[in-house]
Structure formats: C-alpha cells, structure tokens
Amino acid sequence: MTKEKFPIHAQWSNRTAFILAATGSAVGLGNIWKFPYITGENGGGTFVLIYLCCILLVGLPVMIAEIMLGRRGKQSPINSMKTLAAAEGRSKAWKWLGWMGVIAGFLILSYYSVIAGWAMSYIFKTASGMFLGATADGVNSIFKSFVGDPERVLAWHTLFMVMTMVVVSRGVKNGLEKAVTYLMPMLFILMIVLVIYAMTTGYFEQGALFMFSPGAITGKGILIAMGHAFFTLSLGMGAIMVYGSYLSEDYSIVQASIYIALADTVVALLAGLAIFPVVFANGLQPGAGPGLIFQTLPIAFGHMQGGTLIGVMFFVLLVFAAWTSAISLIEPAVAWLIENKGHTRVYASVVMGFWTWLLGLGTIFSFNIWKDDTWSIPFLFHNMHFFDTLDYLTANIMLPLGGLFIALFAGWIMRTSSSKMELNTVPAIYKIWHFLVRYVTPVAVIIVFLRAVGAI
Ligand code: PHE
C-alpha cells in the first residue's frame, strides 16, 4: 500500500524465508523454558488443554490478522496502525496499539535476555562434565549458586544482548534465513532425542498423564494459559506484524500461519514430554518455577549415553532459538526509530539495546539481592518480585490486550473488502477467520480477563 513511501526495510526473499523467520520468532524460550514451568505451576492437564484451545481459537486468528495488518501497512507496527486506520477513515489513535507493542517487546526482551544468558552459561557447564552422574540436589545447588551470583549472570546477559543487537543492526533478513533453515530442524530432532530418553526413565507415563489428564485450575491459571498462547506465538506486540510487513503480496498468510503455529506447539509439547518424566523420576517438584529446565535436564544429560554432547547441543540450540526470538522482540522498536527519527539501523539498535540491557538488571537481581523484595496489587497479583511482575504484566496483560485490539481492528474496523482482498483465501476459510476475530477472540479475551480478577 505505502510501499513507495517506505522502501527502507528489506523484504524477505521468498515465502519460506518468511515462514522460517516467523517460526524462529515463535519458537524460543517460551516453548522450552516457560511452557514446562508454567504447566508445572498450574497443575498440568487442564492448563495444557486451555493453552491448546487458545492457540487454535485465539492465537491462530490473531496471527493471521497480525501478518495481514503488517503486510498491508508495510511499516513498523506504530506507523502501520496509523496508516491503516487512516485508510479506513478511522482515528490515528490506533497507533497506540503499536506503541503498547513496542513497550511490551522492550520489557519482555529485558528478562528474556537474562534467561537466554542462563542457557548460554549452561552450554559451558554441560561441556565441563560437571553434570556427569549428577543428583537432583547437586544440579539444584549448581543452579542456585549460579543465579545467586549477579556478576556472572550479568556477563552472560551482556553477551546475549550484544549478539542480538549485532543481528538487528545488520537487518533481520541477513543471515537469519540460512541459520533458521538448518538449526530449527536440528532443535526439533534433539527434542525428540530427549523425549526418547524420557521414555527410558520409567516415569514417562506419569509425565504424560500430568500433562494431559485434566485437573483443577484457577482463574489466574486460565489467564496464564491464554497469555502464554500469545507469548509463544509472538503475538499481540507487533513482532509478527513487523515480519509481515517485510512480506510481499502473493503469499498465503493463512497457510503460513498454520505452519508456524503447528511447529511452535509441537516443540512446546515435546519439551513438556522430555521434562516431566525426568521431574517425577527424580522426585522433583513440577511447580519448581523458572529454574525447572535447568534443574531437570542436566540430570538427564548426566545419566544418558552421550549426555554431554547431547546436552551441549541442546543448550546451543536453545540459545539459538532464543536469539531468533529476541531479534523479533526489538525489531518493531528499531524499525520505528529508523522510520520516524531518521536514525541509522546501527544507531537505533545500539540505543534500544542499551536500555533493554539496563532494565535486564532488575531481572538479574530478582534471583539474588532483590529476591525477597516482593509486592502485591489487589486483584492483579500477589507477592511478586521484579521479574515475575514484568512477566505477568507483559505476557498476561499487555499481549492479550494487544491481541484483542488487533482482532477488533481486523474484524470490525477494517472493511470486509480490504481484509478479503488481503487474505485472498477460500471463502469458507475467510468466513471462519472473520467470525473468530470478530466474536470468538474478543469475547474469549474479555471473559478470561474478568475471571482472573474474580469479576465472574
Ligand atoms: N515467542 C517467543 C518464545 O516463545 C517469545 C516472543 C514473544 C517473541 C513475543 C516475540 C514476541 O520464546
């Protein structure tokens, strides 16, 4: 639409490149680190079921909408929303949706980078052989002493932020395509290897039952499951929108979205199936929190054949997956700085990288010097420290809110003729999608919000 006005960002070379980059954004720490621990904290089966329903009924339609808005707007989410709203004769205030996304991406990356830093240090811990024959207690104390040391964690966080900003400053297209082509399938295979190991622990059934047999869940648990559907698919903050804006006209958005959502979900389920059997086999707690994979998988690596090599590969690929997600978290902000402030890509990346890095200190301290500094906001959350608060605010509030408005925009603000033309799909599929973004997604998000605060 406004391609001529903003030729400043490069386009993907083909559809596969877009799917790979978007899958790279979606598959990350959310699938392998976060999904298992929040599943553990929220009781398993019912949580997973709600998460899966949210992926299908809320996530997928919002993803289609977000890619569509990006491709039509052709700029950073802030400017895309402004242009699209103007084109439909609506208020420019829709650009605030883009702003909320930029802020959410910045907040998420600040803690995402710290966790990616943990994963990076585990490459070397595993390689050193320190987990060979390790016990649950041993692995636990290694984890506790590592996250308890702010300086060491800071070094890894710094390295990860630098790695991320190097890619962003060169433009997300360069290098990303090739890397994702090889490394994503490798991650996939490695996850399957880990699941096969989990089958040998004698606790596979228990792990699988924990994940798939329904039990109790709270209103908050439902909110976390829905929030995670947005988080894991990179939705509600413009990441997928900005990738969509680098996509050219003639590709099927619906088909691409299905591939991305499917790959993402399979990786998360494999991660759960690899981790929970190890949890039960070693008498660990599924609700152990953000340290869960770091306290369980090293035990598996310490005991399986070739565990050191497999473990090193696993953490390398995890860092890589985190890297391709981190890039997309900050890209909307960088794209906006380039468009509106006339900064070069390099300058914009350095500025954003610096502030994100600085905010990351709060997450580092949440596991040591600020460990006991928790606070509560009535109805919203209870006894959370800095990291929990950031995570809760972004994943469970900002992303679903962003997704809600994206659905409303695509379903109600945009003319049917515009969205029909842009999606260019079979009429039946268009109808289903349109119904979902108009009614199902908004109603679901609002109900879940109201339930979480105890209003219904
Ligand atoms: N989807 C990524 C993950 O699961 C995280 C992410 C969230 C990336 C939002 C971009 C935007 O790890």
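The values are calculated or read from the model by the stated rules, or taken from the named source; none is laboratory data. Keep in mind that what you see is a predicted model, and the values were worked out from it rather than measured. Quick reminder, even Gly has a Cβ in these numbers, built from the backbone with ideal geometry, and neighbours come from all protein chains shown. All accessible areas refer to the heavy atoms of the entire protein, side chains included, with ligands and DNA or RNA removed. Shrake-Rupley method; radii C 1.70, N 1.55, O 1.52, S 1.80 Å.
General remarks:
- The convex hull drawn around the Cα atoms of region 1-152, when projected onto a plane and averaged over every direction, covers 13.5 nm².
- Measuring between their Cα centroids, region 83-122 and region 300-317 lie 34 Å from each other.
- Sequence-separation-based contact order of the chain, relative, with Cα cut under 8 Å and 6+ spacing, percent: 35
- Given K74/K173; K92/K431; K82/K420, the pairs whose alpha carbons are separated by over 24 Å: K92/K431
- Added length on full extension, which subtracts the Cα-Cα distance from 0.36 nm per residue, N424 to W99: 114.1 nm
- Converting the Cα gyration tensor eigenvalues of region 71-140 into ellipsoid dimensions via √(5λ) gives semi-axes, longest first, of 47, 11, 8 Å.
- At q = 0.20, 0.26, 0.31 Å⁻¹, base-10 log of I(q)/I(0) for region 251-306 (Debye sum, equal scatterers on each alpha carbon): -0.74, -1.01, -1.20
- Under the combined filter of DSSP loop state and at most 11 neighbouring Cβ atoms within 10 Å, region 170-210 retains none of its chymotrypsin sites (Phe, Trp or Tyr not before Pro).
- Cα convex hull of region 5-83 - mean projected area over all directions, nm²: 6.8
- Measuring between alpha carbons in the structure, the pairs from K95/K178; K220/K371; K220/K341 lying more than 30 angstrom apart are K95/K178; K220/K341.
- Sparse-neighbourhood loop sites, trypsin sites (Lys or Arg not before Pro) in region 401-456 - DSSP loop, at most 14 other Cβ within 10 angstrom: R415
- Counting only protein heavy atoms and a probe of 1.4 Å, the accessible surface of region 103-145 is 68% carbon and sulfur.
- At a probe radius of 1.4 angstrom, the accessible area of the chain per residue rounds to 38 square angstrom.
- Rg followed by Dmax, in Å, when region 290-339 is reduced to its Cα trace: 16.3, 52
- Magnitude of the charge dipole, the chain, Cβ model with Lys/Arg +1 and Asp/Glu -1, debye to 20: 1240
- Just so you know, the Cα atoms of the chain work out to an Rg and Dmax of 21.1, 66 Å.
- Relative to its Kirkwood radius, the Cα radius of gyration of region 137-243 gives an Rg/Rh of 1.04.
- Size of region 174-291 from its Cα atoms: along the principal axes, largest to smallest, the extents are 52, 36, 25 Å.
- Helices of the chain meeting both criteria, an alpha-carbon length of 27 angstrom or more along the long axis and an average Kyte-Doolittle score not below 1.6, with helices taken as full DSSP H segments, are 176-199, 253-281.
- For region 53-97, the fraction of 1.4 Å probe accessible surface lying on carbon and sulfur atoms is 64 percent.
- Ranking I78, A17, V48 by how far each Cα lies toward the positive end of the dipole of region 1-102 (charges on Cβ) leaves I78 at the top.
- Its Kirkwood hydrodynamic radius, worked out from the mean inverse distance over all distinct Cα pairs, puts region 186-229 at 12.7 Å.
- Dipole of the chain [Lys/Arg +1, Asp/Glu -1 at C-beta], most positive-end residue of P286, S141, F160: F160
- Put simply, the convex hull of the Cα atoms in region 316-452 casts, on average, a shadow of 12.5 nm².
- Sorted largest first, the spans of the alpha carbon positions of region 226-333 along the three principal axes are 51, 30, 27 Å.
- Among the protein heavy atoms of region 210-318, carbon and sulfur supply 66% of the accessible surface, probe 1.4 Å, non-protein parts ignored.
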